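Participant: Dropping a structure here in structure tokens format, bear with me for questions.
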Amino acid sequence: MEATTVYVCESQPIVIEGLAKALEGVEDLRLIGSCQSIDEALDAVADLKPNIILFDQTVGNKAAFELIPKIRLRSVHSHTILWVTTVTEVESFRALQSGVRGILKKTLPISSIIECLRAVGKGNIWIENSISNQVVGFLNRRNLPRLTPREYEIVALICRGMKNKQIADALSITIGTVKVHLMHIFEKTGVKDRFELALEAHKLVGINPSEEVESAPVSN
């Protein structure tokens, strides 16, 4: 079985060393490089084309979000994971909307890090439960439609232009399940179709249009 390749952009060398040691005995994951700056990361991604890029939060969440389209231009099949110490509810949603495939807390055990890398390496989306619950709590406090964590994930993916099959593949669910979730979303929000949902998403998720980030293109 071919190993999933991982590249890390991390400001602390000792953290990189720790991750490398943790992955030494994991046959299906291989750390192929690391750096401490965004510019180095972009050059390395273009050259190495890793399956996963793990970005340290110290580059800044806004900078990380802006990097997604640049990464996709250099390596269309590379997926990005945001490696965070802390993250706000709205930043979590923006991360998903911008094209981040995983949000991983540095406080999680090695087993969770490996689980996240494997899931994203297979093309899925991985978010730790407490972060997902934070997003829903934040949006519900703003008197917005009370969607479930899965429904909010689907709204974010629709905002990125994903079709039902792409959403199903990303979330490891069936196309039929996606359609059921969409039916519930339409009922709760009052929109008539996915096009209207994408247009009205900024109201549904509590983000002003001026605050939205540019979505990355989605490959087939």
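None of the figures in this text is laboratory data; all of them are computed from the coordinates on show. None of these values were measured; they are calculated from a predicted model. Backbone-built Cβ (ideal geometry, glycine too); neighbour counts: all protein chains shown.
Participant: Considering only the other residues whose Cβ falls under 14 Å of the Cβ of ASP193, what net charge follows from Lys and Arg at +1 and Asp and Glu at -1?
Facilitator: Working: positive: LYS163, LYS179, LYS192, ARG194; negative: GLU187, GLU196, GLU200.
Summing Lys and Arg as +1 and Asp and Glu as -1 gives +1.
Participant: Under 1.5 on a/c is rounded, so check that first for segment 10-49, then, if it is not, pick prolate when a/b is larger than b/c and oblate when it is not; a ≥ b ≥ c are the square roots of the alpha carbon gyration tensor eigenvalues.
Facilitator: Details: a/c = 4.59, a/b = 1.37, b/c = 3.34.
It is oblate, given that a/c is not under 1.5 and a/b is not larger than b/c.
Participant: Starting from segment 1-67, pick out the GluC sites (Glu not before Pro) whose DSSP state is loop and whose Cβ has at most 14 other Cβ atoms within 10 Å. Could you put the intermediate results ahead of the total?
Facilitator: Values: sites: GLU2, GLU10, GLU17, GLU24, GLU27, GLU40, GLU66; in loops: GLU2, GLU10, GLU24, GLU27.
Here the GluC sites (Glu not before Pro) that fit, given the DSSP loop and packing criteria, are GLU2, GLU24, GLU27.
Participant: By a straight-distance test (C-alpha under 16 Å), which lysines pair with LYS179 as possible cross-link partners, with residues fewer than eight away in the same chain excluded?
Facilitator: Qualifying lysines at Cα under 16 Å: LYS163, LYS165, LYS188, LYS192.
Participant: For a quick check: with amide H placed at 1.01 Å from N, whose amide H comes under 5 Å from THR4's, ignoring anything fewer than 5 positions away on the same chain?
Facilitator: Answer set, sorted by chain and number: LEU29, ARG30.
Participant: Next question. So who's got an amide H within less than 5 Å of the one on VAL100, skipping anything under 5 residues away but keeping other chains? H placed 1.01 Å off N, in plane.
Facilitator: none
Participant: Follow-up. How would segment 1-77 be classified by its alpha-carbon gyration tensor: rounded, prolate or oblate, with rounded meaning a/c under 1.5 and the a/b versus b/c comparison settling the rest? Don't skip to the end; give the middle numbers.
Facilitator: Details: a/c = 2.21, a/b = 1.26, b/c = 1.75.
In terms of gyration-tensor shape, oblate.
Participant: Arranged from highest to lowest average of other beta-carbon atoms within 10 Å per residue, in what order do the peptides 179-187, 117-125 appear? The partial results should precede the final answer.
Facilitator: On the way: 179-187: 15.3, 117-125: 19.0.
The peptides rank, most packed first, as 117-125, 179-187.
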